[in-house]
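Throughout, read-outs are computed from the coordinates displayed, never taken from laboratory work. Everything numeric in this text was worked out from a predicted model, so none of it was measured. Backbone-built Cβ (ideal geometry, glycine too); neighbour counts: all protein chains shown.
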């Protein structure tokens, strides 16, 4: 009986540690950077690990037009993005080797859907970075496929 109790406690501790690591139950500390596209400057939070990527912009209630979040991946792939827990619409700028390769605009939150019914958005080709900005920014600043980005 005692071995069973210790095993249960060990399993609970392992699950808690994995949840903390993968889903960021603790306070996440984001690095900041500036992303330049053409003459436009965006102050961004960097999402460079699984906990920050899984939270994404859902940590914010709104986004100014000169702000965003830059997702940085270790290798290029067709990463999927959804609007889980989002409170505002966004544009997604898909990037490979600091060149914009795809754009998805005006993605609306889906507040009353379960995670199993949320739409997932994918780029048309593999990317190593994704920039999320406020909806309408891509059109307003004439950002287009083929533009390059600089990260400061």
> Fully extended, how many nm does the chain gain between residue 87 and residue 144 (0.36 nm per residue separation, minus their Cα-Cα distance)?
Replying inline: 18.0 nm
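Cut-off is 10 Å between beta-carbons; in what order do 62, 122 appear when sorted fewest neighbours first?
In order of increasing Cβ crowding within 10 Å: 62, 122.
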>> Using Cβ contacts closer than 10 Å as the measure, can you line up 101, 133 from fewest to most?
In response: 101, 133
> In which sequence would 116, 88 go, from the one with the fewest C-beta neighbours within 10 Å to the one with the most?
Replying inline: 116, 88
>> I want to check the label-to-label distance for residue 61 and residue 96. Put each point 7 Å from Cα in the C-beta direction and report it in nm to one decimal.
In response: 4.0
>> Under the rule a/c < 1.5 gives rounded, and otherwise a/b versus b/c splits prolate from oblate, where does segment 25-111 land using the Cα gyration tensor?
In response: rounded
> Taking R0 as 25 Å, what's the FRET efficiency between residue 124 and residue 34 from their Cβ-Cβ distance, rounded to 0.05?
Replying inline: 0.40
> For residue 105 and residue 41, FRET efficiency with R0 = 25 Å and r from the beta-carbon atoms, rounded to 0.05?
Replying inline: 0.80
